[in-house]
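The values are calculated or read from the model by the stated rules, or taken from the named source; none is laboratory data. Just so it is clear, the model here is predicted, and its values are computed rather than measured. Neighbour counts run over all protein chains shown; Cβ positions are idealised from the backbone, glycine included. Quick note on the areas: whole protein, heavy atoms, side chains included, nothing else; ligands and nucleic acids left out. Shrake-Rupley method; radii C 1.70, N 1.55, O 1.52, S 1.80 Å.
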Amino acid sequence: MKNFRLTKNAFAAVFFATALTVSFTSCKDDDDDDPIVIAPVDNGNVLVSSNITTNTTWETGKVYQLGGRISVVNGVTLTIQKGVIVKGEAGTGANATALLIARGAKLMAEGTATEPIIFTSVADEIAPADIVAGNFASPNLDPTQNGLWGGLIVLGKATISASKTEVQIEGIPTSDPNGLYGGSEDADNSGVLKYISIRHGGSLIGAGNEINGLTLGAVGSGTTIDHIEVVGNQDDGIEWFGGTVNVSNVVVWNAGDDAIDTDQAWKGTLDNFVVITPTGHCFELDGPEGALPGSHTIKNGTVVASDTASGHVSEDLINVDANSEVSLENIQIRGIADGQKINRVTAPLVSFTDITLDVPS
């Protein structure tokens, strides 16, 4: 089904109402049995420099500093309390910092609208006192700054459409077994992620290979992901690799590549979102890589494809393959610039319902 409407710049009020409803801001390779090393450093942050191998809680009022790629290993739960700030050190390639939730591990990260959990760079001067005061924006980093650390990676045991039932997630060296994702457990539970802001990430791993703001590899439907914000990531805002998890209430702002990227037959729903001026595609929706089918739904969103005042213009609007399987419903796209397009409207398993294109007169 193809249902498009063309209008002339009629959706500014709708966009700002939606954004305020969704958003809550203004603006080394370790073995599985390595011990946890958590010690205070000179800046007052709590340094985390080894994999997390026992159930651990990061406490409200503290800043936790990632000293490398930190994995929560199979069978272990990391609980992050509301208002916690997690800061990644600078690093590229194999030294890129990231928090990785391995298959069989859980992340219980439940922020609130008044005390969100913030993932950012050590260059960000935001402090717990700012959150207490309701000041959630960075005091010193512009929302376009990116690539200052890695990102948040959650991996699970749900099905994927790939050459094998389990594969290594992009951005993680193949020597790290914690980077494997995939399986046959579509109801797999990787925990709870609520009211989380992820900022200034996407460190370079190699040529054309960066870490996404939020990477979801084979994450199962037992996982809760709600109220997520990604700001200024060098690569994609959120990327799904298969899995069945549903995600709701999302803002992706100033992604350095695609805002919303889906691969390997993700079979979930993205509901209620705002996408603002990615550099690449607003939506990059790839078809299955193997024989396993899987359709997902993206609905109830507002997209700002370009901002002429700032010079930010997305490469394209919606990009699908000939074999993509996705339903796009009730999406308003405004700020459309010359040359921006939907690349294909003839893919047999892609449906467009109530897609509003607000074009210049």
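Subtracting the Cα-Cα distance of Ser327 and Asp142 from 0.36 nm times their residue separation leaves 63.2 nm of extension gain.
Put the Cα centre of region 149-170 next to the Cα centre of region 55-106 and the gap is 18 Å.
Below 12 angstrom from the Cβ of Ser203, what's the summed charge of the other residues (Lys, Arg +1; Asp, Glu -1)? Present the calculation step by step, with values, prior to reporting the outcome.
Numbers: positive: Arg69; negative: Glu89, Glu210, Asp235.
That sum, taken over residues with Cβ under 12 Å, equals -2.
A P(r) calculated from all alpha carbon pairs of region 294-361, with 5 Å bins opening at zero, reads 4, 16, 26, 24, 17, 9, 4, 1 percent. The largest accessible area among Trp240, Trp253 belongs to the first residue in Trp253, Trp240, and the rest follow in falling order (1.4 Å probe, all chains). Database remark: amide H of Ile101 closer than 5 angstrom to the amide H of Val72, Ile153, Val154, Leu155 (H placed geometrically; neighbours at sequence offset of 5 or more, or on other chains; Pro and chain starts carry no H).
Using only the C-alpha atoms of region 84-213, find the volume of their convex hull and express it per residue in Å³.
Taking the convex hull of the Cα positions in region 84-213, it is 113 Å³ per residue.
Taking a ≥ b ≥ c as the square roots of the eigenvalues of the alpha carbon gyration tensor, region 192-247 is oblate, as a/c is not under 1.5 and a/b does not beat b/c.
Backbone geometry of region 178-193 corresponds, through the Karplus equation with coefficients 6.51, -1.76 and 1.60 at θ = phi - 60°, to 3J(HN,Hα) couplings of 5, x, 6, 9, x, x, 10, 9, 5, 8, 3, 10, 9, x, 9, 10 Hz, x marking Gly and Pro.
With +1 assigned to the C-beta of every Lys and Arg and -1 to the C-beta of every Asp and Glu, and no other charges, what is the dipole magnitude of the chain about the Cα centre in debye, to the nearest 20?
Using Cβ point charges on Lys, Arg, Asp and Glu, the chain gives about 800 debye.
Computed over neighbours whose Cβ is under 11 Å from that of Lys157, the net charge equals -3, Lys and Arg +1, Asp and Glu -1.
Mean sequence separation of contacting Cα pairs (under 8 Å, at least six apart), scaled by the length of region 127-190, corresponds to a relative contact order of 33 percent. Using the Cβ of Asn140 as centre and a radius below 10 Å, the other residues enclosed give a net charge of -3, where K and R count +1 and D and E count -1.
Over region 82-165, Cα pairs under 8 Å with separation of 6+ residues give a relative contact order of 41 percent. Here region 41-97 is described by how far its Cα atoms reach on the three principal axes: 29, 28, 16 Å, from widest to narrowest.
Against the empirical 2.2 N^0.38 Å scaling, what ratio does the C-alpha Rg of region 129-203 come to?
So region 129-203 has a normalised radius of gyration of 1.48.
Normalising by residue count, region 266-311 has a Cα convex hull of 63 Å³ per residue.
Using only the C-alpha atoms of region 210-314, find the volume of their convex hull and express it per residue in Å³.
Roughly 82 Å³ of hull volume per residue.
Here region 274-361 carries DSSP beta bridges of which approximately 10% are antiparallel, counting only pairs with both residues inside. Helical content of the chain, expressed as a calculated mean residue ellipticity at 222 nm, amounts to -1000 deg cm²/dmol (DSSP H runs of 4 or more residues, -39,500 (n - 2.57) each, divided by residue number, nearest 500).
In sequence order, region 350-356 has phi-based couplings of 10, 10, 10, 10, 6, 9, 9 Hz under the Karplus curve 6.51 cos²θ - 1.76 cosθ + 1.60, θ = phi - 60°, and Gly or Pro positions carry x. Amide H contacts of Gln65: Val46, Leu47, Val48, Lys87, each under 5 Å away and 5 or more positions distant or on a separate chain (H built 1.01 Å from N in the peptide plane; Pro and chain starts excluded).
Distance from the alpha carbon centroid of region 303-360 to that of region 205-245 works out to 20 angstrom.
Roughly speaking, what % of Cα-Cα pairs in the chain are separated by over 39 Å, rounded to a whole number?
On the way: 6703 of 64980 pairs.
The share of Cα pairs beyond 39 Å in the chain comes to 10 percent.
Shown in residue order for region 306-317 are the 3J(HN,Hα) couplings computed by the Karplus curve 6.51 cos²θ - 1.76 cosθ + 1.60 at θ = phi - 60°: 7, 9, 5, 5, 9, x, 8, 9, 5, 4, 7, 8 Hz (x for Gly and Pro).
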